[in-house]
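Single-structure report; data block below.
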Amino acid sequence: VGGASAGKGAWTLCNADFVVCLGGDGTILWVSGLYNGPCPPIVSFAMGSLGFLTPFDFSEYQSVLSSVVTSSMEIGVRMRLQCRVLSERNNLEGDFLVLNEVFAP
């Protein structure tokens, strides 16, 4: 969903019941960053060899999505933190929503 900050894309983001994510941990972090407020559940499928946030293998997508749609799947809730980075002179450098990220200026 590129450029979803205005128009139809923004409406789609706000009204999603869940998000299907194909990729790795970086893709999940990117999708989570699209939401400045509450984020719907992200159903993530691993497309690589290693992923800490991607619990499902893509070969199981039909059964996983069927379980999501029929509400027979548990949801694991992750917290996102809102961080404010200040310079040595107390100037605002940026506000960030983070999930499983480490930020070093």
Average accessible area per residue (Å²) across segment 32-105 - probe 1.4 Å, nucleic acids and ligands excluded: 79
Angstrom value of the Kirkwood radius, inverse mean 1/r, which spans all Cα pairs in segment 12-105: 14.9
Relative contact order (%) - criterion: Cα under 8 Å, at least six apart; region: segment 37-105: 18
Burial ranking of peptide ranges 18-25, 82-89, 60-67, 44-51 (average Cβ count within 10 Å, highest at the top): 18-25, 44-51, 60-67, 82-89
Whole-Hz couplings from phi, Karplus 6.51/-1.76/1.60, listed for segment 56-71; x for Gly and Pro: 10, 8, 4, 5, 9, 4, 5, 5, 5, 5, 4, 5, 5, 5, 8, 6
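The values are calculated or read from the model by the stated rules, or taken from the named source; none is laboratory data. Please read all numbers here as calculations on a predicted model, not as lab measurements. Counting neighbours? That spans all protein chains shown, and the Cβs are built from the backbone with ideal geometry, glycine included. Protein only, heavy atoms only, side chains kept; ligands, DNA and RNA dropped before computing areas. Shrake-Rupley method; radii C 1.70, N 1.55, O 1.52, S 1.80 Å.
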